Amino acid sequence: MTTEATEATAPAPPAGKVLLELNGLRREFGSRHTTVAVDDVSLEVHEGETLALVGESGCGKTTLTRLLLGLLEPTAGNVRFDGQDLAALSASQLRGVRRQMQVVLQDPYSSMNPRMRITDIVAEPLVTHDPEARGRRARARTRERVGELLEAVGLDAGIQDRYPHEFSGGQRQRVSIARALALRPRLLVLDEPTSALDVSVQATVLDLLAELQRRLGLTYVFVSHNLAVVAQVADRVAVMSRGSLVEVGEAAAVLHSPQHPYTRQLLDAVPVLDPRRGRRAAERASSAAGADSR
Ligand SMILES: Nc1ncnc2c1ncn2[C@@H]1O[C@H](COP(=O)(O)OP(=O)(O)OP(=O)(O)O)[C@@H](O)[C@H]1O
Ligand SMILES: [Mg+2]
C-alpha cells in the first residue's frame, strides 16, 4: 500500500485493523463537460489512527470524504467499512453503518440552525436515529446524555438552553464535535475542523480531538491544507492532487522526505515545519523508548 517513502527504513504497519477500505474510487460530475473529482483512489484507514488528507483546493478531498461516508455514490469503485461494501447494503443496513461514521465541518455555524437550542442541536442525531430518544418521556434522559456529551468536549452541561450565536467559534466547534459523538461513532471525518479558528483556539480544539481519540478509540480522517496542523495530528498522510492520490505514508516520512514532486511543492509553500515537534512524533518516540504507549 505504501509504495513511496519506504526506502530508508520500512515503517511499522499501522497498529489497528482495517476499518475503512477504498477501492478504485472514481467520481465524475456533470454530463457534457465531465469533471473527474476523484480518480481511482484506493486507500486503507486503520482503526485508531489519524489519516490526514492533504492537497490543494479543488483536488477532491471533500468529494472523497462524501464518497467514503456513503453520502455520494461513486461512478466506479467501492467503499468498505468494517468489511462491509456500502453499495451492497440495504437502506436500513446503510443507516446502521452510517451512524458509525460522523463528520465535523470547518464552519459549524453553517450546519447549525441558529434558532435551535444547543440541547436540540446535540440531540439531533439521537432523535433521528434512535426512536427511544423521541417523545416527552425520553426528554430527561436525552438531556442527561447531551449534558455528558457537552462535558466530554469541555463545555458546561448547563448551556443546553442557549443558542449558537451566544458562543465563540471554538465553543461552537466543540458543540459540533459533541453532536458528532452523540451516536458513539467509530470514525470521524474532520474536514478542515480548525481552519476557521484563531491559532490559540485551534490548538485547544486539536488537543480535545487527541484526547477524545485516545479515550474513545476513534479513527480520524483529517482533511487539512495546513501542514503544520497535519504534522501535529497525523499518523499517516495521504497527498491528493487533481483527484488522485500521489503519495501515502507515515507522517514523518511524507513530511520530511517526500517522494513525489507535488508533495515537495506543497511543503515548499510552508516556511517552517518540523514534524518532530508534533505531538504524535513525540509520543511515538517516547513509546519506542518504552516510556509510554498509547
Ligand atoms: N456537486 C458538485 N457538482 C459539480 N462539481 C463538483 C461538485 N462537488 C465538487 N465538484 C468539483 O469537484 C472538484 C473537487 O471538489 P472538492 O470540493 O472535493 O475539492 P476540495 O479538495 O475539497 O477543495 P477545498 O480544499 O477547496 O475544500 C472540483 O473541481 C469541484 O468543482
Ligand atoms: Mg473541501
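The values are calculated or read from the model by the stated rules, or taken from the named source; none is laboratory data. All values derive from a computational prediction rather than experimental measurement. Backbone-built Cβ (ideal geometry, glycine too); neighbour counts: all protein chains shown.
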Run down Ala228, Ala238 and say which single residue is aliphatic (A, V, I, L, M) and modelled with pLDDT under 95.
Ala228
Among (1) small (Gly, Ala, Ser); (2) over 18 Å from Ser195 (Cβ atoms); (3) crowded, with 21+ Cβ neighbours inside 10 Å, which single condition is Ser224 missing?
(2)
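Residue-wise test of (1) more than 20 Å from the chain's Cα centre (by Cα); (2) of a type in the set (D, E, K, R); (3) in a loop (DSSP other than H, G, I, E, B).
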position	(1), (2), (3)
Arg215	no, yes, no
Val221	no, no, no
Glu247	no, yes, no
Ala252	no, no, no
Gln259	yes, no, yes
Arg264	yes, yes, no
Within region 112-147, the residues that are loosely packed, with under 14 Cβ neighbours inside 10 Å and within 26 Å of the chain's Cα centre (by Cα) are Asn113, Pro114
If you go through region 233-275 one residue at a time, how many are among the basic types (Lys, Arg) and within 16 Å of ligand 1 (Cβ to nearest atom)?
1
So which helices (runs of 4 or more DSSP H) stay within region 32-139 end to end and still have 1 or more residues that are more than 16 Å from ligand 2 (Cβ to nearest atom) and free of Cβ contacts under 8 Å to residues at least 40 places away in the same chain?
91-98, 118-129
Please find, among Val189, Val230, the residue that is within 16 Å of ligand 1 (Cβ to nearest atom), surrounded by 21 or more Cβ atoms within 10 Å (Cβ to Cβ) and either in a helix (DSSP H, G or I) or among the aromatic types (Phe, Trp, Tyr) (or both).
Val230
Members of region 21-53 that are buried (at least 20 other Cβ atoms within 10 Å of the Cβ), within 11 Å of ligand 1 (Cβ to nearest atom) and of a type in the set (A, V, I, L, M, F, W, C):
Ala37, Val38, Leu53
Condition first: touching a helix residue (DSSP H, G or I) at 6+ places or on another chain (Cβ under 9 Å), more than 9 Å from ligand 1 (Cβ to nearest atom) and over 23 Å from Asn226 (Cα atoms). Now tell me which residues in region 54-86 satisfy that.
Gly70, Leu71, Glu73, Pro74, Gly77, Asn78, Val79, Arg80, Phe81, Asp82, Gln84, Leu86
Result of the Cβ filter at 8 Å on region 221-246, keeping first residues that are more than 19 Å from Leu187 (Cα to Cα) and partners that are within 13 Å of ligand 2 (Cβ to nearest atom) and assigned to a strand (DSSP E or B), at least 6 apart or interchain, is His225/Val54; Leu227/Val54; Val239/Val54; Met240/Leu53; Met240/Val54; Gly243/Ala37; Gly243/Val38; Val246/Met240
